[in-house]
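What follows is a short report on a single structure.
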Amino acid sequence: MLLHLFSFTQLHHAASKINQPVKIDGNLDDPAWSEIEPVTKFTTSLPTFGKTALKKSEVKIAYDNSAVYVGAYLYDNPQLVKKGLTQRDVIQLQDVDYFAVGLDTYNNNQQAFSFFVTAAGVQGDARMSLMGNSTASDRTWDAVWESKVSMKKDGWVVELKIPFSAIRFSNEPIQDWGLQFGRFARKTNEYSTWSPEDPAVSGTMNQWGKWTGLKDIMPPLRLSFLPYMSGGFRTSPTPNGKLTEYLKSGGMDVKYGINESFTLDMTLIPDFAQVQSDNVVLNLTPFEVKFDEYRSFFTEGTELFNKAGLFYSKRIGAQPHGTFDILRLALDSPQYRILKNPGITRLYNATKFSGRTNKNLGIGIFNALGVQMHATVKDEISGRTKDVVTEPLTNYNILVLDQALKNRSSVTFTNTNVLRNGNSRNANVSALDFSLFDKQNIHQFYVDGRYSNIWGYEGNSSGYKADISFKKVSGILQYSAGTSVKSDKFDPNDLGYLANNNTLDIGGDVSYNIFKPTRLFLNHRYALQVLNSYLYRPFNWQTFTFKASTFFLFKNFWDVTLNLTSQPTWTNDYFEPRVPGKFLKRAPIYLLYVSGSSDSRSRLYYFYTFRGAESPLPHDPYYDVEQGLRYRFSDAFQMSVSTIIELDKGNWGFGYFDPLSREPIIARRDVKTNTSIISANYSFNARMNMSLRMRHYWRQVHNTNFYDLKDDGYWSERPFANGYDQNFNTFNLDVFYTWDFLLGSRITVAWKNALGADVNIDGITNNTYFKNLNRVFDYPHSNELTLKVVYYLDYLTLKRKHS
């Protein structure tokens, strides 16, 4: 097995240039195709590596002066080909067959473009990049390209035309590109590729073949415009009645290829309203909650800016910091009525400049300018209105220099900078990362350093972070060891995200990976991990954590994961008390969980997670049950339901500060958390669909005891204090209709409904989940209805029409 792993022979395919036009109609009868030598041998990657693909495939690829053309004849029984309709870019766990092509246009094994088409004609694309020792795919990247599918009596055919304007490449007279073809057959869950991709080898792009001898291709002028117009209204409940806002906006996204390698992306007066609502929770921890990013401008093509982990794009265009101050003002002082209180920070513009030179130096520059936001309140007694600044004018900047080296290695410099009007708080963070792989792609050595500097009239501080690790990244046996230190003043959170600083961690892991099928399993894995954590300043031990896990993929495509996590000794929590120098002693804990899912090919798909934990303290059981069902009613319509039920009878944490001494008071509490999500998707055709997502989250906190915290981290009980129980509900309903009416052009209608802010549902009378859910609909909700039209304009197309 080991000898096979590292005796990789790279496949080559000679490039063919055509002079005859190819009509993208899902048929391979154009004269140009008859002259192209096909690729026919495909090797399975999943579920088993190394076998000849069950079904025959013939793939042809060619190019001319403006585009890459791909034609694939995929032999199969047409009745067995899965043609489920999905949203663009969505294929995981879907009932689809698809064909994919990957292009590593700089031939450096570090970034590439991938395009796929399902048997129903749904397009998908992604930008692939090397992140650490694995490949990341950015599916929010949407290029403009053509494809067509047709069904035949012995299979199906797909044709693709990928314009040079959709990708980047050098202007060398003769070029070699990395190349991969892939085919997924849903009936057998078989993914096969032209160039074999061994799952035991770290990385994918480094296992692709080569498309050799592309001659005299010139990168075209890449200039496109995406003007948009949007309008709608939003109603929001306030203590003084309903607030209605009429929403109207217009702007434009611009993409300009400065040269063959670099692209300038600009968004002018962006509108980010039509995105999924955040999964808001009641946070009982001392750390900030991190939310997923759904805005395409901040996810598309940002892999270079994210390489150092210093870019948390939700900082940009977030809710103004003073929004809740205005709500509290109206709540505490009834004479004030809110006339305007924006829920998001608008941007004047945002710009991305990125690309890679022919010496494999990646350069990225990002800038965004946030509008100074105001709320307007009216004093009902005096009749006067006043504007209150809720967010200052803010400038965000990122600079990245990423030099790709041989053998997937790289060195990266990153700088982030945030400047605020009024000099209240400004921030600068710099990072240097080294990632080195050996020639055999077996081992990786990684080291990085970060330095942060905060200044302004709110205060000055500076800190650092450093990491070093050594890993064996390929083979049956894989392992790693490393250490990480974050000083007590390190703070990247003006533009990045860090849950907590002031730690020193030392740890390692080892895994044994069986990729060959056995009598029961298609593959299985065993892993161990240990982590010893210290407080950086003052230097004190915190925790020791041990984890053991196993994963099994059965031959019927069901899977199971077992995990045991233990902190076997009393530990020191220096963060929960919220006061420097204080710490809370936490009891040993043993957490066991099992998770898994059924065969996703079935109409009914089931997934689950069961967790349970115990400690030596009496009467403190913990369990967490997560279950979900997805049912596929037809090729066009499917629904899913998931629930999470969590009960923690012995939750220890910060309760409140003593009103007199200001010392932290620790609470022991019963915490019940329930989350329900219902989602549905209906696709009218390959370019039009409607989606719905409804989420209700309920967390009830019932305090049973309060304690004074001693200097040794233990506690002594104090008189019970009423008024600190919590009963928190949040509800969101998001409905989106999208229609890609032309290539690159889209109409979106969005309706968003949410429970009003600061709703306090009585937790004593409403002490069950369904009682809280019923009460959610008794309170005023905010509603937002918007229509957005985006139209794609390509300069080259416009030029041809007018020439």
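The values are calculated or read from the model by the stated rules, or taken from the named source; none is laboratory data. Computed from a predicted model, the values in this text were never measured in an experiment. FYI the Cβ positions are ideal-geometry reconstructions off the backbone, even for glycines, and counts take in every protein chain you see. Side chains included, ligands, DNA and RNA excluded: accessible areas come from the protein's heavy atoms. Shrake-Rupley method; radii C 1.70, N 1.55, O 1.52, S 1.80 Å.
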- [ ] Place the peptides 293-299, 111-117 in order of packing, highest mean first, counting for every residue the other Cβ atoms within 10 Å and averaging per peptide.
- [x] 111-117, 293-299
TODO: Pop out the ³J(HN,Hα) list for region 578-586 in order, Karplus 6.51 cos²θ - 1.76 cosθ + 1.60 with θ = phi - 60°, rounded to Hz; leave Gly and Pro as x.
DONE: 6, 9, x, x, 8, 8, 10, 6, 10
- [ ] For region 646-754, with all protein chains present and a 1.4 Å probe, just round the carbon and sulfur fraction of the accessible area to a whole percent.
- [x] 56
Open item on the list: Quick check: Cα centre of region 556-615 to Cα centre of region 223-271, how many Å?
Closed with: 41
Open item on the list: Projecting each Cα onto the charge dipole of the chain (Lys/Arg +1, Asp/Glu -1 at the beta carbon, about the Cα centre), which of 520, 348, 777 comes out farthest on the positive side?
Closed with: 520
Task: Fraction of accessible area attributable to carbon and sulfur, region 102-226 (%, probe 1.4 Å) - done: 52
Open item on the list: Which one, 705, 721, 622, is farthest towards the positive end of the dipole of region 603-725 when Lys and Arg carry +1 and Asp and Glu -1 on their Cβ?
Closed with: 622
Open item on the list: Straight-line reach from residue 799: which lysines fall under 28 Å, measuring Cα to Cα and dropping same-chain residues less than 8 apart?
Closed with: 17, 23, 148, 161, 215, 255, 352, 788
Task: Contour minus Cα-Cα distance for residue 705 and residue 560 (0.36 nm per residue) - done: 48.3 nm
- [ ] Would you please state which residues of region 510-535 a label at residue 479 would reach in this model, taking the label point 7 Å out along Cα→Cβ and a backbone N cut-off of under 20 Å?
- [x] 510-515, 525-533
Task: Candidate residues 269, 761, 644: accessible-area rank, largest first, probe 1.4 Å - done: 269, 644, 761
Task: Simple label model, 7 Å out from Cα along Cβ direction - residue 263 to residue 25, nm - done: 3.1
TODO: Let me have the 222 nm mean residue ellipticity of the chain computed from DSSP H runs of 4+ only, each contributing -39500 (n - 2.57), with the sum over all residues rounded to the nearest 500.
DONE: -1000 deg cm²/dmol
TODO: Assuming R0 = 51 Å, can you tell me the calculated FRET efficiency for the pair residue 413 and residue 619, based on Cβ-Cβ distance, to the nearest 0.05?
DONE: 0.40
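Beyond 18 Å, how much of the Cα-Cα pair distribution for region 104-258 remains, as a whole percent?
72
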Open item on the list: Explain nothing, just the number: dipole magnitude of the chain about its Cα centre with +1 on each Lys and Arg Cβ and -1 on each Asp and Glu Cβ, in debye rounded to the nearest 20.
Closed with: 940
- [ ] Would you kindly state how much longer the chain becomes between residue 243 and residue 516 on full extension, computed as 0.36 nm times their sequence separation minus their alpha carbon distance, in nm to one decimal?
- [x] 92.1 nm
- [ ] Please give, to one decimal in nm, the separation of the simple spin-label points placed at residue 633 and residue 464, each 7 Å out from Cα toward the Cβ.
- [x] 6.1
Open item on the list: Once R0 is set to 41 Å, what does the formula 1/(1 + (r/R0)^6) return for the Cβ-Cβ distance between residue 212 and residue 497, expressed as a FRET efficiency to the nearest 0.05?
Closed with: 0.45
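Expressed as a fraction of 2.2 N^0.38 Å, the rule-of-thumb size for a compact globular protein of N residues, what is the C-alpha radius of gyration of region 1-151? Each step should come with its number before you reach the end.
Details: Rg = 16.5 Å, N = 151, 2.2 N^0.38 = 14.8 Å.
My calculation over the Cα atoms of region 1-151 gives 1.11.
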- [ ] May I ask for the angle, rounded to the nearest 10°, between helix 323-332 and the longest principal axis of the chain, with both axes built from Cα atoms and the value confined to 0 to 90°?
- [x] 30
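I need to check one value: relative contact order of the chain, counting alpha carbon pairs closer than 8 Å and at least 6 residues apart, in percent.
Dividing the mean separation by the residue count of the chain yields 9 percent.
Taking 0.36 nm per residue of sequence separation and subtracting the Cα-Cα distance, how much length would be gained by fully extending the chain between residue 294 and residue 758, in nm to one decimal?
Here the answer is 164.6 nm.
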- [ ] Using only protein heavy atoms and a 1.4 Å probe, report how much of residue 758 is accessible, in Å² to the nearest 10.
- [x] 100
Open item on the list: So, taking all protein chains as they sit and a 1.4 Å probe, how much accessible area belongs to residue 694, in Å² rounded to tens?
Closed with: 60
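Roughly to the nearest percent, how much of the accessible area of region 377-520 is carbon and sulfur, given a 1.4 Å probe?
58
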TODO: Report the label-to-label distance for residue 36 and residue 796 in nanometres (one decimal), using points 7 Å from each Cα along the Cα→Cβ vector.
DONE: 1.7
Task: residue 389/residue 48 FRET efficiency (R0 41 Å; Cβ-Cβ; nearest 0.05) - done: 0.10
- [ ] Compare 549, 745 by solvent-accessible area with a 1.4 Å probe and give them largest first, with all protein chains kept in place.
- [x] 549, 745
Task: Length-normalised contact order of region 327-409 in % [C-alpha pairs under 8 Å, at least 6 apart] - done: 30
Task: the chain - Rg (one decimal) and Dmax (whole number), Cα, Å - done: 28.3, 89
Task: Burial ranking of peptide ranges 769-775, 488-494 (average Cβ count within 10 Å, highest at the top) - done: 488-494, 769-775
Task: Residue-normalised accessible area of the chain, expressed per residue, 1.4 Å probe, Å² - done: 46
